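K.L.:
Sharing a structure here in C-alpha cells format.
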Amino acid sequence: MTTATADGVRKASDEGTWTDDQLRDRFMQLWHRRALPRSSCDPGIAWSSLDGRYAESHRHYHDKRHLAHCLAEFDLAAELIVQPDQVEMAIWFHDIINEPGRSDNEALSAELFRNLAGGSMADAFVDDVVDLILITTHRQEPVDPDQRILCDIDLASLGCPWECYLRDTGHLRAEFRGSDQDYCRIKRVFLESMLRRPRIFVTDFFYARYEHLARENLRRFLDLIDVWEAAGSDGRKVPLLRTSGIDA
C-alpha cells in the first residue's frame, strides 16, 4: 500500500478527489491525534468499519465521493472552524450508517461512533462529535458556529453546477426504495422547504459561495418535476432521474 504524502493530501483536497490510501491516511492521522495516551483501541478497526460501510453496494450518493467532497469543503473553511478535529470526525461518521428508508440513520451513525471511540477518546470530544453528527439531520437549527459550518458542508453539493446537481439527484434516486412518483413527491417537499428558508446556507462563507446557484438548481429541478407531473404520470420512469446513467 502506498502512503499519501502531505502534498498529495493537500492536492487531493484542492481538487475534491481522494484515493483510498489518501483517505485512510487522513483518517488515521485524525484518529491518532484524538486518541488518549496508551489507548488500546486499534484505529484500523474504525477504518475497516468506515471503509466497508462506505463501499456498500446500495450507496450511490452517500459513498466515498460524498465523503471526499465534504472533506474538501471542510478544508476550504478550516480557518473558520472552532474545533476542527470534532467537525472533521463528524464528517467521517455522519453517513456511516445509510439504510434506505430509515429515518434514524444519523442517530445510528452517532451510536456507532460512540461505540468505536468510547474509552479511546476524551468523553467531551466524543460527546461533541455525536452532537455534530446528529445536527446533520437538518431537522433543527444549528446552534453554534461549528454546527452551522458542518450543516453547510453537508449541503454544499446543492450549489454545484447543474450537470453535477442532476447527477447527484440520479444517485440519490438510486438509493431510494420506492417509485419515481414517490421520490418526486418527497423531493418536492424537501426542495420547497429549502427554498422557504431565508438562507439555505447559514454561514456567510458558504452563503457567498453557493446560495445563488443552489436556489437556481432547486427551482430548476422543481420546474422539471412540474413538467413531468403536468404531462401525466402513468407509472413510467421519470427521464430526469436517469441522467446519472443509473437505472434505479
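K.L.:
Would you mention how many residues in region 151-176 are aromatic (F, W, Y) and buried (at least 20 other Cβ atoms within 10 Å of the Cβ)?
P.N.:
Going residue by residue through region 151-176, those that are aromatic (F, W, Y) are 162, 165, 176.
Remaining after also requiring buried (at least 20 other Cβ atoms within 10 Å of the Cβ): 165.
Result for region 151-176: 1.
K.L.:
Looking at region 11-32, is at least one residue more than 16 Å from the chain's Cα centre (by Cα), outside any helix (DSSP H, G or I) and at pLDDT 90 or above?
P.N.:
The answer is no; no qualifying residue exists.
K.L.:
Then there's this: Show the residue pairs that are 6+ apart or on different chains and have beta-carbon atoms under 8 Å apart, the first residue being within region 34-53 and over 19 Å from D123 (Cα atoms), the second being aromatic (F, W, Y).
P.N.:
Going by the 8 Å Cβ cut-off, the qualifying pairs are W47/F27; W47/W31; L50/F27; L50/W92; L50/F93.
K.L.:
Just a yes or no: is a residue in region 192-212 part of a helix (DSSP H, G or I), farther than 27 Å from L80 by Cα and either touching a residue at least 24 places away in the same chain (Cβ under 8 Å) or under 17 Å from the mean Cα position of the chain (by Cα) (or both)?
P.N.:
Yes: one or more hits.
K.L.:
Right, here's the next one. Looking at L172, L166, can you tell me which residue is outside the structural domain of H66 (by TED's automatic domain parsing), in contact with a helix residue (DSSP H, G or I) (Cβ under 9 Å, 6 or more places away or on another chain), among the hydrophobic types (A, V, I, L, M, F, W, C) and closer than 18 Å to V189 by Cβ? Write out each step before concluding.
P.N.:
Working: L166 fails: closer than 18 Å to V189 by Cβ.
Selected residue: L172, the only one of L172, L166 that is outside the structural domain of H66 (by TED's automatic domain parsing), in contact with a helix residue (DSSP H, G or I) (Cβ under 9 Å, 6 or more places away or on another chain), among the hydrophobic types (A, V, I, L, M, F, W, C) and closer than 18 Å to V189 by Cβ.
K.L.:
Do you know which of the residues in region 189-205 that are of a type in the set (D, E, K, R) and farther than 20 Å from A77 by Cβ is surrounded by the most Cβ atoms within 10 Å (Cβ to Cβ)?
P.N.:
Start the filter on region 189-205 by keeping residues that are of a type in the set (D, E, K, R), which leaves 192, 196-197, 199, 204.
Now narrow it down to the ones that are farther than 20 Å from A77 by Cβ: 192, 196.
Details: E192: 11, R196: 8.
Top of the filtered list is E192.
K.L.:
Output the residues belonging to region 36-79 that are surrounded by fewer than 18 Cβ atoms within 10 Å (Cβ to Cβ) and either in contact with a strand residue (DSSP E or B) (Cβ under 7 Å, 6 or more places away or on another chain) or in a loop (DSSP other than H, G, I, E, B) (or both).
P.N.:
L36, P37, R38, S39, S40, C41, D42, A55, E56, S57, H58
The values are calculated or read from the model by the stated rules, or taken from the named source; none is laboratory data. On a predicted model such as this, the values are computed, not experimentally measured, just so you know. When we count neighbours, we look across all protein chains shown, and the Cβ atoms used for this are built from the backbone with ideal geometry, even at glycine.
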